[in-house]
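Student: First, the structure itself, so that you have it in front of you.
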Amino acid sequence: MYAGGSQGAVASALAGVTVPAIEGQSGWLVRNALVDRLGTDRNAAPRYRLDVRLDDRLQGFGVLSNDTVTRERRTLRARYQLVDIISGAILLDATASADAGIDVVSSEYAVIAAEQTALENLSHGVADQIITRVAVKLRQSR
């Protein structure tokens with residue numbers, strides 16, 4: 001799939017994908033991860049647009065008898081579409097998701113840091129899934 005390295009057909013097609021802004025902190029993280037992986041050529045006019053909508057949920061479970069949460073689950077789901085800018089055709093309409101478990105400890109700072117780290121890791125995982133599917137689709141289109 002990646003024959004030819006950065007000059008190959010797939011890499012060239014990925015460089016022609018633009019990613020519009022995505023709402024929220026998770027959107028900012030996912031968009032940055034996508035742009036890093038795409039290797040977008042800022043001097044060339046984009047051929048494709050990757051539209052992404054995210055659903056970021058933080059859910060408590062592992063509740064003790066005094067209603068204290070001992071564990072959280074953070075889930076990041078993305079629905080994305082690869083659109084051919086010239087024709088307006090949707091080439092790919094798919095979803096990607098990742099989740100992480102977080103221990104809730106007595107230190108509020110530690111819990112917030114763990115939640116943030118989980119979001120950063122999930123953002124990279126979702127971006128990797130999206131890039132893989134987009135690369136496969138662009139490879140099949142050629």
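Quick note: the coordinates plus some simple rules give every number you see, no bench work behind them. Worth saying up front: this structure is predicted, and the values here are computed from it rather than measured. Cβ placement follows ideal geometry from the backbone for every residue including glycine, while neighbour counts extend to all protein chains displayed.
Student: Choose one of A113, L64, I86: the residue whose Cα lies farthest towards the positive end of the charge dipole of the chain (beta-carbon charges +1 Lys, Arg; -1 Asp, Glu; about the Cα centre).
Tutor: It is I86.
Student: Sticking with this one: Which one of N32, N121, N66 has the biggest mean-square fluctuation once the chain is modelled by GNM with Cα springs under 10 Å?
Tutor: Top of the fluctuation ranking is N66.
Student: Here's something else I'd like to know. Tell me, what is the Rg over Rh of the chain, with Rh the Kirkwood radius over Cα pairs?
Tutor: Rg/Rh: 1.10.
Student: Also, I was wondering about something else. Within 15 Å, Cβ to Cβ, of V104, how many net charges do the neighbouring residues add up to if Lys/Arg are +1 and Asp/Glu are -1?
Tutor: So the environment of V104 carries a net charge of -2.
Student: What is the distance in Å between the Cα centres of segment 73-142 and segment 17-51?
Tutor: One Cα centre to the other: 13 Å.
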